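Below you'll find the structure, written out as structure tokens, and then a few comments.
The values are calculated or read from the model by the stated rules, or taken from the named source; none is laboratory data. Note that the coordinates shown come from a computational prediction; the quantities given were computed from them, not determined experimentally. Glycine gets a Cβ as well: all are built from the backbone with ideal geometry, and neighbour counts include every protein chain shown. Only protein heavy atoms, including side chains, enter the accessible area calculation; ligands, DNA and RNA are left aside. Shrake-Rupley method; radii C 1.70, N 1.55, O 1.52, S 1.80 Å.
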Amino acid sequence: MSRFEAGERILEIKEEIIDLVQEAMDLMRYEGTDTERERARSYWYGHIRTALDEDSGYMGRSMCTMEDSARELMADEEDGEEAGELLDEDAF
């Protein structure tokens, strides 16, 4: 597996985690008390979502999100491809 493919897989996993944590919050919404729902939203849900990406709806952000890590892996290969394309174009 290349670094780019690993980055793509990490992004897929991130989306799966978002779906699962949303499912957990739905369960809290249906079965939890107001206090339980608010605690979940404010603590574990907020921590998980801000650790995944910047699209969490929360003001804060993680120093390095899961998406940031995936993009770093993917950038190396993308940069290499772009550099190679530029060299090929300059040859003609």
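So what's the net charge close to C64: Lys and Arg +1, Asp and Glu -1, counting the other residues with Cβ under 14 Å from its Cβ? Let's see the in-between values first.
On the way: positive: K14, R61, R71; negative: D53, E54, E67, D68, E72.
So the environment of C64 carries a net charge of -2.
Determine, from the Cβ-Cβ distance of D34 and C64 and an R0 of 30 Å, the FRET efficiency 1/(1 + (r/R0)^6), rounded to the nearest 0.05. So, using R0 = 30 Å, E works out to roughly 0.35. Taking all protein chains together, Y43, Y30 sort by accessible area into Y30, Y43, largest first [probe 1.4 Å]. On the basis of the beta-carbon distance and an R0 of 25 Å, Q22 and R71 show a calculated FRET efficiency of 0.65.
How do E31, E72, E16, E67 stack up against each other in accessible area, from largest to smallest, with a 1.4 angstrom probe?
On the way: E31 150, E72 110, E16 90, E67 50 Å².
Order by accessible area, largest first: E31, E72, E16, E67.
Going from most exposed to least, what order do T33, T65 have by accessible area with a 1.4 Å probe?
Working: T33 75, T65 5 Å².
The ranking, largest first, comes out as T33, T65.
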